[in-house]
Amino acid sequence: MEVDIIFFVSCIYFFLPAYFANMTPPLVRNAKVFDFLAKPVDLGKSWRGKRIFGGHKTWRGVVCAIAVGMGTALLQWWLYQFPWATELSLLDYKSVNLWVFSLLFAGGAVAGDLAAAFVKRRLNLPPGAPFMPWDQTNYVIGSFIFLGAYVGKYLTGDLLVWGAIFVMTFFLHLLFNRFGYDIGLHKAKW
């Protein structure tokens, strides 16, 4: 497989369900929608004297992130009928079970974020404290674990794709978090 700019754009396109899932929780929190779901995922419970995830990881974020991630994958599935999307896609969307694929993709992104929050609480890092490079890549790792084996036989250049996504996501996350900080969406610059 030849690596060029189209390859990197295709990697970003492939990973859009996780990108949008990861961006959703702060957006729905700031928009103050679905407040009835703004309950901690860990139900306020602790493990070994420390919160499991923390009060900022809510069911609102989980549910909305999974819904947006699945919706993004559904849109990609629909767009696959157009030649430009077929050319851009690293995955044959018609060959996968859309519901399983999209749930694993978005669910993996959410699980990666929750796993990083769990580790941060064990390390006594408060919510929002920098935890490089895991803050920037936890959802890549989660999606890879949940989705990697499922799409491996369908995804062109499997390990190269995931490696490129990991590296690009680190830098894109820094860039977009800084932008979010500058416009008042995020509390942390990085």
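The values are calculated or read from the model by the stated rules, or taken from the named source; none is laboratory data. Computed from a prediction, not measured in an experiment: that's the story for all the values here. Please note: Cβ atoms are built from the backbone with ideal geometry, for glycine as well, and neighbour counts cover all protein chains shown. When the accessible area is computed, the model is the full protein with side chains, heavy atoms only, and any ligands, DNA or RNA have been set aside. Shrake-Rupley method; radii C 1.70, N 1.55, O 1.52, S 1.80 Å.
Counting only helices (runs of 4 or more DSSP H) that sit wholly inside region 1-114, not one has at least 3 residues that are in contact with a strand residue (DSSP E or B) (Cβ under 7 Å, 6 or more places away or on another chain) and of a type outside the set (Ser, Thr, Tyr). Annotation: Ser95 fulfils all but one of (1) touching a helix residue (DSSP H, G or I) at 6+ places or on another chain (Cβ under 8 Å); (2) surrounded by fewer than 16 Cβ atoms within 10 Å (Cβ to Cβ); (3) of a type in the set (S, T, N, Q); the unmet one is (1). The number of residues in region 1-59 being open to solvent by 60 Å² or more (accessible area, probe 1.4 Å), over 16 Å from the mean Cα position of the chain (by Cα) and under 24 Å from Gly184 (Cβ atoms) comes to 7. Taking first residues from region 161-190 that are under 13 Å from Ile141 (Cβ atoms) and partners that are part of a loop (DSSP other than H, G, I, E, B) and at pLDDT 80 or above, the Cβ contacts under 8 Å between residues at least 6 apart in sequence or on separate chains come to Ile165/Phe15; Thr169/Phe15; Phe170/Pro133. Residues in region 148-171 that are over 14 Å from Phe7 (Cβ atoms) and either at pLDDT 90 or above or in contact with a Pro (Cβ under 8 Å, 6 or more places away or on another chain) (or both): Phe166, Thr169, Phe170, Phe171. For region 122-141, residues that are assigned to a helix (DSSP H, G or I), surrounded by fewer than 21 Cβ atoms within 10 Å (Cβ to Cβ) and not hydrophobic (A, V, I, L, M, F, W, C) total 2. Given the criteria closer than 28 Å to Ile183 by Cβ and of a type outside the set (Gly, Ala, Ser), does Lys45 qualify? Spelling it out, it is not the case that Lys45 is closer than 28 Å to Ile183 by Cβ and of a type outside the set (Gly, Ala, Ser).
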